[in-house]
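What follows is a set of notes on a single structure, which appears directly below.
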Amino acid sequence: MNRLAALLVLRLIHAFTILAGVLVIDFLLLHLAPGDIAQVLAGENGAADPAYVNNLRIRLGLDQPLPIQLATYAWHVVRLDLGMSFRNNLPVTTLIADRLPATMLLMGSSLALAVGAGVALGVVAARWKDSLIDDVISVVSLLAYATPLFWIGLMMIVLFSVKLRWLPSSGMETLFSGYTGLRRWGDIGLHLIMPALSLALFQLALFTRLLRASLLEILRQDFIRTARAKGISESRVVVRHALRNALLPLVTMVGMHFASTLGGSVVVESVFAWPGLGRLAYDAIGQRDVNLLLGIVLFSALVVIAVNFIIDLLYGWLDPRIETR
């Protein structure tokens, strides 16, 4: 129990250190970029004269020196206040809470698809190494890895929405449909297919190749030869004896690439007009809504840290010989 408590304290210290670094670096980068929200708002109101812009900067606190702005923002973050979105005139936490379910649905579906299909294809490729099946899986994985996410999304829209008219091209659900219950979830599922598949393909390629290589290495171990000598079928040797050990690198890779999946959701949500955090961040960049963008970045960093902590615990469960530090 004492060891677990010490581990939790150490992880919390690491988490706060990372979050502090993210806050400082992103705050400085965003505020050192040319232009600010005062100029954007003044220009849209048709009153971009220097006096109006200066008054607006004073109202928004942008007239203070940068260190004071940073210290003020950090103090608000410590009190769990991410500020107001200048563009939407709403608390940043409210906007994040509204968009979070859509992003979690998209990311959860894409990761589940990538891990499930990656494990299945990796096992098949390792089981029939150097066969035609292995070659086909390798080529498809390479193509999925090398193809940009936005191009895959656009081609899916052209094929499945424009040409075949099988799937909706954008949004999370049909507007003004009035669907409820299972029918509404079915409609959301149809809208989810193309975004989730687009986001999953890159990760699927990585997971497939990693699991194949890991399985081939495990299958050369002594305990596998012993299992074969006992007359156990090859399929059972692969699934029951080798797969659990081969999953360890895959679990690590899932944690490492969770952040890239979160970043990829910005592109996918923009292509498919998916109403999640990625689309919200994209809009905040174009609108120079610094508070909103900083809030999304900080929240995303917190989610990545939490996921990696869960991955560490899962890693220890898969192999009890490993001590999580």
For labels at Leu66 and Ala112 in the simple 7 Å Cα→Cβ model, what's the distance in nm? 4.5 nm
Within segment 51-101, list the trypsin sites (Lys or Arg not before Pro) lying in a DSSP loop whose Cβ has at most 14 other Cβ atoms in a 10 Å radius. Arg79
For segment 112-191, what class follows from the C-alpha gyration tensor (a ≥ b ≥ c being the square roots of its eigenvalues): rounded when a/c is under 1.5, otherwise prolate if a/b is larger than b/c, else oblate? prolate
Which order do peptides 105-114, 184-193 fall in by mean Cβ count within 10 Å, highest first? 105-114, 184-193
What FRET efficiency, computed as 1/(1 + (r/R0)^6) with R0 = 35 Å and r the Cβ-Cβ distance, is obtained for Val78 and Ala213, rounded to the nearest 0.05? 0.20
Under 1.5 on a/c is rounded, so check that first for segment 227-310, then, if it is not, pick prolate when a/b is larger than b/c and oblate when it is not; a ≥ b ≥ c are the square roots of the alpha carbon gyration tensor eigenvalues. prolate
Taking every alpha carbon pair in segment 56-180 and sorting the distances into 10 angstrom bins from 0 up to the bin holding the longest one, the percent per bin comes out as 9, 20, 24, 19, 17, 8, 2
Report the label-to-label distance for Leu100 and Tyr145 in nanometres (one decimal), using points 7 Å from each Cα along the Cα→Cβ vector. 3.5 nm
Normalised by the residues of the chain, what does the relative contact order come to in percent, with Cα pairs under 8 Å and at least six apart? 25 percent
If I model a spin label as a point 7 Å beyond the Cα along the Cα-Cβ vector, how far apart are those points for Ser131 and Leu159 in nm? 2.6 nm
Report, in degrees rounded to the nearest 10, the 0 to 90 angle that the Cα long axis of helix 50-59 makes with the longest principal axis of the chain. 60 degrees
Three-way shape label, segment 146-195, alpha-carbon gyration tensor, a/c 1.5: prolate
Semi-axes of the chain's equivalent ellipsoid from the Cα gyration tensor, sqrt of 5 times each eigenvalue, largest first, rounded to whole Å? 44, 27, 16
Can you tell me how much longer the chain between Ser170 and Arg244 gets when fully stretched, taken as 0.36 nm per residue apart minus their C-alpha distance, in nm with one decimal? 22.8 nm
Once fully extended, how much extra length lies between Leu29 and Arg184, figured as 0.36 nm per residue of separation less the alpha-carbon to alpha-carbon distance? 51.6 nm
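Read-outs throughout are calculated quantities, based only on the coordinates presented, and are distinct from any laboratory measurement. Everything numeric here is computed off the predicted structure, so don't read it as measured data. Positions of Cβ are backbone-derived with ideal geometry, glycine not excepted, and every protein chain shown enters the neighbour counts.
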